[in-house]
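The values are calculated or read from the model by the stated rules, or taken from the named source; none is laboratory data. Values in this document were obtained by computation on a predicted structure and should not be read as measured data. All Cβ positions, even for glycine, are placed from backbone atoms using ideal geometry, and neighbour counts span all protein chains on display. When the accessible area is computed, the model is the full protein with side chains, heavy atoms only, and any ligands, DNA or RNA have been set aside. Shrake-Rupley method; radii C 1.70, N 1.55, O 1.52, S 1.80 Å.
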Amino acid sequence: MAQHQSQADKKAWGGVFNETADPRMEKFTESISFDSRLYRHDILGSQAHAKMLAHVGVLTNDECSQIVDGLDAILRDIEAGKFEYRIELEDIHMHIEKALIERIGDVGRKLHTGRSRNDQVSTDFRLWTREAIDVLDARLERLQKAFVDRCDADFDCILPGYTHTQRAQPVLAPHYWLAYCEKYARDRERLADCRKRVNTLSLGAAALAGTSIPIDRFYTAQLLDFERVAANSLDVSSDRDFALEFTFALALIAEHLSVWAEEWIWWSTVEFNFIKLPQKFCTGSSIMPQKVNPDLLELIRGKTGRVIGDLQTLLVLVKGLPLAYNRDLQEDKLPVFDAFDTVSASLELAADVVAQTELNRENIRARLEFGYLDATTFMEYLIKRGVPQRTAHGMVGRLVRLAMDRKIPLAKLPIEEYRAECPEIDETVYEILGVENAVRAFVSYGSTAAEQVRAQVDEWKKRF
């Protein structure tokens, strides 16, 4: 009996084995090196499980108290750095269970009643993901606020808007800032929607078929604040849809951050000179003493590929797995953890960069009339005078070519040139020519018209 207990103590599943594990096998299969970060979630889930077992009479109230108190003590040791991790114990679940048994004896052996590591790890992972979503949502909101907080001070600044990286139409700076707020709002909506599916209780599905122990999974869900209980034990024991969906949301956040970083990298160049980045978020060159490099933005852009790779890893991981649990799923946490860590750090730094970057207003203003940003507004001026759109497009194109040849803006062309092209044009054309006049001409909802942008800024302030 003592020999049997020794073997069982060494490996929770070791009763049927008569050979000890190869050390290379233990090293290859361990997950404690990365799933140790689930310690709080494992303890929280185990305490809820113990309370449920007491609730249905499988444990006595005293046994439940011993388990809950013992787990609290283990939590304190882990957070104080007094807990030893060992490869032969495989994962965080076995570490905590063994430590509990060492503290409270045979009562600790009762904790695993009515559950498996399959549903246990799924529950831990869902608890962690739910918490991670809340962290990201707060950081996305902080980044949105950084953009909104710029809007009032930058309201008088007009920027060139681009398509195909060519100057297209003028936009107010706050219109630019709120464009990013909209992207991050969709990211937050995706996370909130993902959270609904994350917030499903796995615990009690056991290995794959449920359990003959009369557990109350709905009581456990209530204790852990899960919105629903998984209805099919076979499905939920292997389900990692929530992890893939979460990582997709992370990849899209990273994509949006990369778009912003790319744009501001360009804007910080001598050629653009639209912005001055805070030097605390830049680095220098080891050989060129004059350099102030936007390395932080470049790495945010670069790390996007890493997050996309994490999503690809998960998609390939689960593509051919039969029901139900397979050990392959041990590999699900590393890419999710990596994607979260990468995006979370990027968001934290991005908010500070946005808040502390300066607009080079004089340089922007000095070159604002370059690129004929008022051409589309001029075309719409003709349309409102009855000229068909395609005809107006051709007329404006010819007048732009004339102005380009003379190296002057449209507003400098004499009225005779306009009337020669289109008799419907009169002196009022100069009221819509020039970048500032062009901006004032906008009227549509969602446009860069000052009153529209002001309304949107006010709406964003109300949201916060």
*Considering each of Phe337, Phe274, Phe248 in turn, give the residue that is touching a strand residue (DSSP E or B) at 6+ places or on another chain (Cβ under 8 Å) and aromatic (Phe, Trp, Tyr).*
Phe274
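Considering each of Asp62, Asp154 in turn, give the residue that is open to solvent by 60 Å² or more (accessible area, probe 1.4 Å) and among the acidic types (Asp, Glu). Don't jump to the end; show me each part of the working.
Values: Asp154 fails: open to solvent by 60 Å² or more (accessible area, probe 1.4 Å).
Result of the check over Asp62, Asp154: Asp62.
For the stretch 322-332, enumerate the residues that are of a type outside the set (D, E, K, R) and open to solvent by 50 Å² or more (accessible area, probe 1.4 Å).
From the stretch 322-332, those of a type outside the set (D, E, K, R) are 322-326, 329-330; that's our starting set.
The answer is Pro322, Leu323, Tyr325.
Here is a yes/no grid of residues against (1) more than 30 Å from Ala205 (Cα to Cα); (2) among the polar types (S, T, N, Q):
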residue: Trp264; (1), (2): yes, no
residue: Ile287; (1), (2): yes, no
residue: Tyr325; (1), (2): no, no
residue: Gln330; (1), (2): no, yes
residue: Phe337; (1), (2): no, no
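Looking at this structure, is Glu227 surrounded by fewer than 16 Cβ atoms within 10 Å (Cβ to Cβ) and under 23 Å from the mean Cα position of the chain (by Cα)?
Taking the combined requirement at face value, the residue satisfies it.
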*What number goes with the only condition from (1) open to solvent by 80 Å² or more (accessible area, probe 1.4 Å); (2) more than 19 Å from Ser202 (Cα to Cα) that His55 does not pass?*
(2)
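How many residues, within the stretch 445-464, are among the polar types (S, T, N, Q) and either touching a Pro at 6+ places or on another chain (Cβ under 7 Å) or open to solvent by 20 Å² or more (accessible area, probe 1.4 Å) (or both)? Quick ask: steps written out before the conclusion?
Initial filter on the stretch 445-464 (among the polar types (S, T, N, Q)): 447-448, 452, 456.
Retained after the next criterion (residues that are either touching a Pro at 6+ places or on another chain (Cβ under 7 Å) or open to solvent by 20 Å² or more (accessible area, probe 1.4 Å) (or both)): 452, 456.
Residues flagged as among the polar types (S, T, N, Q) and either touching a Pro at 6+ places or on another chain (Cβ under 7 Å) or open to solvent by 20 Å² or more (accessible area, probe 1.4 Å) (or both) within the stretch 445-464 amount to 2.
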*asked:* With the structure loaded, tell me whether Ile408 is modelled with pLDDT under 95 and either within 13 Å of Gly371 (Cα to Cα) or crowded, with 19+ Cβ neighbours inside 10 Å (or both) or whether it fails that test.
replied: no
_Residues that are of a type in the set (Ser, Thr, Tyr) and touching a residue at least 60 places away in the same chain (Cβ under 8 Å): list the helices (runs of 4 or more DSSP H) wholly contained in the stretch 357-446 that include at least 1 such residues._
375-383
*Can you name the residue in the stretch 270-312 that is of a type in the set (Ser, Thr, Tyr) and open to solvent by less than 40 Å² (accessible area, probe 1.4 Å) and, of all such residues, is farthest from Cys181 (Cα to Cα)?*
Ser285
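Please list, ordered by residue number, the helices (runs of 4 or more DSSP H) wholly in the stretch 200-301 having 2 or more residues that are within 30 Å of Glu358 (Cα to Cα). Outline the logic, then answer.
Values: elements: 217-224, 233-236, 241-267.
Filter on the stretch 200-301 gives 241-267.
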*Limited to the stretch 9-47, what total is found for residues that are open to solvent by less than 50 Å² (accessible area, probe 1.4 Å), over 19 Å from Ile101 (Cβ atoms) and either small (Gly, Ala, Ser) or in a helix (DSSP H, G or I) (or both)?*
8
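Which members of the stretch 135-145 meet the condition of being touching a helix residue (DSSP H, G or I) at 6+ places or on another chain (Cβ under 8 Å) and open to solvent by 10 Å² or more (accessible area, probe 1.4 Å)?
Pass one, the stretch 135-145, residues touching a helix residue (DSSP H, G or I) at 6+ places or on another chain (Cβ under 8 Å): 135-137, 139-145.
Val135, Asp137, Arg139, Glu141, Arg142, Lys145 - these are the residues of the stretch 135-145 that are touching a helix residue (DSSP H, G or I) at 6+ places or on another chain (Cβ under 8 Å) and open to solvent by 10 Å² or more (accessible area, probe 1.4 Å).
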